[in-house]
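Asker: Input: one structure, supplied below.
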Amino acid sequence: MDRKKLAYFLDQTTQLAMVGFVGSLPVSIAFTQSSLFLGWLAWLLKCLVEKRWNGFKTPLDLGFVLFLASALLSTVFSLSPWESFISLKKFYLLSAVYFIGFNVKSQERLLELVKLFLMMTALTGVYGLVMFGFGYQPRLLAAQGMAMTSGGIFMLAGLLSFAWYRYQAQIPGKWRWAQSLAVSALLCSCLVLTRTVSSWFGFITGFPALISSWWKRAVMLVLTGLLMAGVFYTANNLRLSFMFFYGNKATSWNMRLGFWRMGWQLIKERPVLGTGMIDLGQRLKGMRTAEDEEIWQDIPMGGHLHNNFVQIAATRGITGLAAFLFMWFTIFALAVKLMGSKSRLTGIFAGGILAALAGFQINGLAEWNFSDSEVITIIWFLVGLSIAMNKMFSPDQKCNI
């Protein structure tokens with residue numbers, strides 16, 4: 001086989017692996033990771049065959065490098081260096097940003113992948129609705145094992161689906177907008193039935209990024225406030241809490257307050273580099289007060305702090321938190337820049353990605369979703385699409401698609 005044919009075969013293998021990767025995002029993290037590995041292997045072999053590096057610099061490189069450097073530094077000075085070193089494997093999922101960014105080279109391919117992700121998530125939603133309807137799932141889990149994970153997935157897919165709807169609504173064909181809106185309605189219904197309040201807040205907070213009208217954004221903010229008020233009211237009413245949510249939300253809220261208080265203690269003990277990326281379960285158990293013991297009766301102690309920023313500050317110190325914030329600043333800045341593109345496709349989907357990123361961060365104020373492999377891999381997929389769009393179009397380029 002000559003070099004051109006081999007390079008073509010490897011490129012097709014990479015594209016097939018990317019389809020497997022995206023299609024399995026809401027279904028199986030094991031298949032997602034395997035597809036990512038196969039895709040990278042084929043891509044690197046293609047670089048060897050062509051004797052050239054097919055990657056390129058991106059506006060996000062510095063943020064990722066600094067965040068990785070902070071993780072390495074906290075590992076060296078960790079309370080348990082080996083355990084922290086093992087946790088570095090999470091950075092493998094971050095590589096999906098570049099895998100997607102390097103291999104999505106056309107608008108058509110981008111649309112195919114977005115559609116694939118939304119359709120697969122919708123299919124898992126149908127399965128979840130059936131299981132929920134027959135009483136096999138008290139909270140809609142779909143293909144996941146935890147409602148917080150399924151809530152995060154449906155939140156991200158729901159926000160992106162409205163960008164898909166906006167794009168389809170402007171294309172001739174009376175059923176395109178109806179089909180897209182039906183998918184959005186399905187995904188939002190699934191999100192509600194996960195009964196995951198932090199994901200609800202994330203969705204409503206992220207949604208204004210999809211809206212160009214300021215007064216409509218104001219309406220969404222009012223709705224967010226009403227939702228928050230309703231949650232706090234029902235959380236303190238035991239009967240309503242069990243009716244609308246899963247479990248007693250007042251207890252859940254107090255548990256989080258306890259986690260954050262203990263997290264602050266950990267930050268004060270090791271403020272610069274933190275504890276390292278270790279399971280905090282045993283340390284937190286030893287820090288519980290008498291009030292905590294009453295709340296945590298018969299409930300296993302978790303090994304994290306139910307907040308992305310508190311968790312990063314506790315495990316990687318102020319150094320890691322600064323790198324974490326800078327990394328997200330570069331990611332958000334790229335999405336905002338792309339929203340100004342004259343390409344209709346880029347502007348619309350950059351808005352959808354920005355909405356998903358904002359929703360993820362709000363969700364992460366009450367969950368350690370940055371370490372939830374299924375959820376964070378979807379985020380890296382969306383960030384990879386941002387890199388691909390940045391490569392295809394600059395904000396001042398004109399495109400009718």
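Asker: For segment 132-150, how many residues meet the condition of being under 14 Å from T196 (Cα atoms), crowded, with 19+ Cβ neighbours inside 10 Å and of a type in the set (A, V, I, L, M, F, W, C)?
Answerer: 5
Asker: How about segment 84-140: which of its residues are aromatic (F, W, Y) and in contact (Cβ under 8 Å) with a residue 12 or more places away in the chain?
Answerer: Passing the criteria: F91, Y92, Y98, F99, F102, F117, Y127, F132.
Asker: Please go through segment 98-113 and pick out each residue that is touching a Leu at 6+ places or on another chain (Cβ under 7 Å) and either part of a helix (DSSP H, G or I) or within 17 Å of Y165 (Cβ to Cβ) (or both).
Answerer: Result: F99, I100, Q107, L110.
Asker: Does any residue in segment 37-56 that is in contact (Cβ under 8 Å) with a residue 60 or more places away in the chain and surrounded by 14 or more Cβ atoms within 10 Å (Cβ to Cβ) come within less than 6 Å, Cβ to Cβ, of a residue that is aliphatic (A, V, I, L, M) and part of a helix (DSSP H, G or I) six or more places away or on a different chain, and which pairs are these?
Answerer: Between residues of segment 37-56 that are in contact (Cβ under 8 Å) with a residue 60 or more places away in the chain and surrounded by 14 or more Cβ atoms within 10 Å (Cβ to Cβ) and residues that are aliphatic (A, V, I, L, M) and part of a helix (DSSP H, G or I), the close pairs are G39/A17; G39/M18.
Asker: Find the residue count for segment 36-72, including only residues that are assigned to a helix (DSSP H, G or I) and over 25 Å from the mean Cα position of the chain (by Cα).
Answerer: Of the residues in that region, 8 qualify.
Asker: Being in contact (Cβ under 8 Å) with a residue 60 or more places away in the chain and either among the β-branched types (V, I, T) or under 18 Å from E50 (Cβ atoms) (or both) is the filter here; which residues of segment 6-21 pass it?
Answerer: Pass one, segment 6-21, residues in contact (Cβ under 8 Å) with a residue 60 or more places away in the chain: 14-15, 18-19, 21.
The answer is T14, Q15, V19.
Asker: Please enumerate the residues belonging to segment 170-198 that are aliphatic (A, V, I, L, M) and touching a residue at least 12 places away in the same chain (Cβ under 8 Å).
Answerer: Selection gives L181, V183, L186, L187, L191, L193, V197.
Asker: Now for a separate question. Are any of the residues in segment 160-170 closer than 15 Å to L25 by Cα, under 17 Å from the mean Cα position of the chain (by Cα) and aromatic (F, W, Y)?
Answerer: no
Asker: Here are some conditions: (1) under 30 Å from A143 (Cα atoms); (2) in contact with a Lys or Arg (Cβ under 8 Å, 6 or more places away or on another chain). Q12 meets all but one. Which one does it not meet?
Answerer: (2)
Asker: So if I check each of A322, A356, which one is surrounded by fewer than 19 Cβ atoms within 10 Å (Cβ to Cβ), at pLDDT 95 or above and small (G, A, S)?
Answerer: Details: A356 fails: surrounded by fewer than 19 Cβ atoms within 10 Å (Cβ to Cβ).
On inspection, the qualifying residue turns out to be A322.
Asker: Shifting gears a bit: Any chance you could count how many residues in segment 151-190 are buried (at least 21 other Cβ atoms within 10 Å of the Cβ) and not in a helix (DSSP H, G or I)?
Answerer: Of the residues in segment 151-190, 0 are buried (at least 21 other Cβ atoms within 10 Å of the Cβ) and not in a helix (DSSP H, G or I).
Asker: If you go through segment 114-128 one residue at a time, do you hit one that is part of a loop (DSSP other than H, G, I, E, B) and small (G, A, S)?
Answerer: Scanning segment 114-128, I find no residue that is part of a loop (DSSP other than H, G, I, E, B) and small (G, A, S), so the answer is no.
The values are calculated or read from the model by the stated rules, or taken from the named source; none is laboratory data. Since this is a predicted model, take the numbers as computed values, not measurements. Cβ atoms come from the backbone with ideal geometry, glycine included; neighbour counts cover every protein chain shown.
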